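Input: a single structure, listed below in C-alpha cells.
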C-alpha cells in the first residue's frame, strides 16, 4: 500500500480506482523511489562540484555565434584602452614618439571621408600626446611596458558642433567608441591618422613648447607604428573575476 501511495509514474484516470486517482502499482512505486534517488544523487554530485569550484578545474564548452548588434565599446581603460608606440628595427626596440614630426589624430569617421577636404575641424576628433600614469588608472597591473610614457595616448577631444577642444578632466570630454558591430547598418567606427606635423594641432597638445620639424628628415624604412590595445578573455576557473585582460600588440 505504501509503494502505491508514492507512485508518481502511473497516469491519472477520470474515476478513482479502489480509492486511488490512478492505476497505481508496487512496481511503479519502486521505480518512483529509484527515480527520486537518482535525482537526489545527481543533485548532490553537482552541488559538490559547485561548492568545490575553487579547488577543481571545471569542464567547459564554448561556441561562437553571430550577433547583429554587438553594443557599444568605449575606448577607455574600462573597455578597449589603446596606445601607439614607435619601433625602430635598426635599434631593435621601441623609441620615443616624436610629436615634432607627427600628429596623431583619431576621428569617428572613415579616413576616405576626411581625405576629401582634409579639414579636421569638420569632424569630431581626438588628439594624442605622451601617455602618463593618469592614462592607465585601473589597469596598472597589466601595463608593464616601460616605453608607455614615450608612447601616444588620447589627450583631447574636439567637438565639431562647438568647435572647441576639451581636456579629459572637462565634463564635456567624450571618449571615442565602436558601436553595434561591423555588419550593423548603424555602426560607428574609429580611425587613427598619423600625419606630418601641423603647428595648429601641435599647439593644442603642447602649447608652444614644441615646433614642427620636417618629416622628410626621417628614414621610414626602418620604422613601424604599433597599435597596442587591451584584449579580454574569459577564465572559467576564476569565478569571482572571470574576465582577464592583457595587451595585444
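Some observations on this one:
- Based on C-alpha pairs under 8 angstrom that are at least 6 apart in sequence, the range 73-248 has a relative contact order of 31 percent.
- Ranked 82, 49, criterion: other C-beta atoms within 10 Å, fewest first: 49, 82
- For the range 142-213: relative contact order, % (alpha-carbon pairs under 8 angstrom, 6 or more apart): 16 percent
- As a proxy for reagent exposure, ranking 63, 173 by other Cβ atoms within 10 Å from fewest up yields 63, 173.
- Exposure proxy ranking for 218, 202, based on other Cβ atoms within 10 angstrom of each Cβ and starting from the fewest, stands as 218, 202.
Bear in mind these aren't lab numbers, they're just calculated from the coordinates by the rules spelled out. In this text the structure is predicted, and so the values were computed from the model without any measurement. Here Cβ is always computed from backbone atoms with ideal geometry, including for glycine, and neighbour counts include all displayed protein chains.
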